[in-house]
Amino acid sequence: SHIGSKHESSKENFQKPPPQQTVYINQPTSKTNQYHQNQQEKQEKPIKICNWNVRGLNDSKKRAQIRELASSLCDILVITETHSDASNIHDIQSSLEKNSTFTINSSTVSGGVGVVALNPRLTIIKAYENDSGTILDASITDSVAEFTFHVRGVYAPSYSNQKRLSFFSNEITAGLTD
């Protein structure tokens, strides 16, 4: 009985080890979670680019219809045959989108090219055009994906075969952007 009581007292003096704690290495933090969420959003939202030969943008109702339809289909709208010139360019830009750029036709009545950024995450930062207003290069920044890309809009009138070859070999291949 003496041995048993001694054994009981040592049980009472015995201290239990602290509960086991799990330690995570590289445990995600809220910043890490936010980063992965942002990366996932960047990958899940491709940029949709549409090209449309509008055959003129002088009518305000037509511009409104184009903007409404294009906004539901794409993030960037490349417009050809705008018939834009110095007298109507401001009306065209303000009715479609302030974040846009257009060539001003100098040589052809039916030409003209525009690039419109319809998605607020996209910003046109530079634009270059050729002398005849048939080619427009736009540098566009994506604020979500944090990169810049280039879009080239081309209006190539139907010339004879020789003129067409000349246009494609001289105009389109000319480096208008950096």
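The values are calculated or read from the model by the stated rules, or taken from the named source; none is laboratory data. Everything quoted here is computed from the prediction, not taken from an experiment. Please note: Cβ atoms are built from the backbone with ideal geometry, for glycine as well, and neighbour counts cover all protein chains shown. With ligands, DNA and RNA removed, areas are computed over all heavy atoms of the protein, side chains included. Shrake-Rupley method; radii C 1.70, N 1.55, O 1.52, S 1.80 Å.
Yes or no: the stretch 152-167 includes at least one residue that is surrounded by 20 or more Cβ atoms within 10 Å (Cβ to Cβ) and at pLDDT 85 or above. Scanning the stretch 152-167, I find at least one residue that is surrounded by 20 or more Cβ atoms within 10 Å (Cβ to Cβ) and at pLDDT 85 or above, so the answer is yes. Looking across the stretch 86-99, the residues that are open to solvent by less than 70 Å² (accessible area, probe 1.4 Å) and touching a residue at least 24 places away in the same chain (Cβ under 8 Å) come down to Asn88, Ile92, Ser95, Leu96, Glu97, Asn99. Here Ala64, Ala70 are screened, and the one residue that is crowded, with 19+ Cβ neighbours inside 10 Å and modelled with pLDDT of 85 or more is Ala70.
Within the stretch 102-123, the only residue that satisfies the criterion of being at pLDDT 85 or above and of a type in the set (Ser, Thr, Tyr) is Thr123. Total residues in the stretch 110-132 satisfying the condition of being of a type outside the set (Phe, Trp, Tyr), open to solvent by 60 Å² or more (accessible area, probe 1.4 Å) and in contact with a Leu (Cβ under 9 Å, 6 or more places away or on another chain): the figure is 1.
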